[in-house]
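Structure record follows, encoded as structure tokens.
The values are calculated or read from the model by the stated rules, or taken from the named source; none is laboratory data. Bear in mind the structure is a predicted one, so any value in this text is a computation, not a measurement. Note that we place each Cβ from the backbone using ideal geometry, even for glycine, and neighbour counts take in every protein chain shown.
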Amino acid sequence: MSTPALPLFPLDTVLFPGGPLSLRIFEPRYLDMVRRCLREQTPFGVVRLVQGEEAGAAAEVAGIGTSARPVDFGTLEDGLLGIVCLGEQRFRVGRRWRQQDGLNLAEVEYLPAEDGCELPPECAHFADLLRDVLPKLGRAYAYAPLHYGDAGWVANRLAEILPLSGAEKQALLEVAEPLARLTQVAAWSTRQPASADP
């Protein structure tokens, strides 16, 4: 399935399906985008910045991103709009352009949603870890559906909380097969923390 004009929010982060994303919105182009998404009950796309700045023109973004749907919003202490979104479906970025107000739009091809994949018994300790850690990470995860028995879901949550580089998280997002993603993130979980992206 494709859409001719999905608004994009380039960020220095990777959003996984089923995962939460908290944002502080201050640029007019994104305030307008969020208002429209809330009014029309439509998603926007989160893509990782490969080169450029979040507040400027995105020079280069990753080829695969995730659609995000706002699930909560409010005014923050500093007066800015705060929203909580949930990642929905991965997509491949096609033709991209910018509106006059600077908002990035793209034609995207939605990638197939993952079928449920049972968590292997030898990986049950990862589900136990997530049961312990996620409730301590603030209210954002209160909006995320819990699927501790699903290999893809567990892999995605581990990818979110482990100290991986942005490039590594992007590589995991691009792995289509849940067990392969879980195997890779499990291997990375046993090493020293990765250094931050330059």
Next item on the list: Give the number of residues within region 159-174 that are buried (at least 20 other Cβ atoms within 10 Å of the Cβ) and more than 13 Å from the chain's Cα centre (by Cα).
Entry: 1
Item checked: Hits in region 114-140 - residues which are over 24 Å from Thr190 (Cβ atoms) and surrounded by 19 or more Cβ atoms within 10 Å (Cβ to Cβ) -> Glu114
Next item on the list: With the condition kept exactly as written, say whether any residue in region 80-88 is without any contact (Cβ under 8 Å) to a residue 60 or more places away in the chain and of a type in the set (Val, Ile, Thr).
Entry: no
Item checked: Verdict on Glu60 being free of Cβ contacts under 8 Å to residues at least 40 places away in the same chain and more than 26 Å from Leu162 (Cβ to Cβ) -> no
Item checked: Selected residue (criterion: farthest from Asp128 (Cα to Cα)) from residues of region 146-161 that are aliphatic (A, V, I, L, M) and at pLDDT 95 or above -> Ala159
Next item on the list: Count, please, the residues in region 160-179 that happen to be in a helix (DSSP H, G or I) and under 18 Å from His147 (Cβ atoms).
Entry: 6
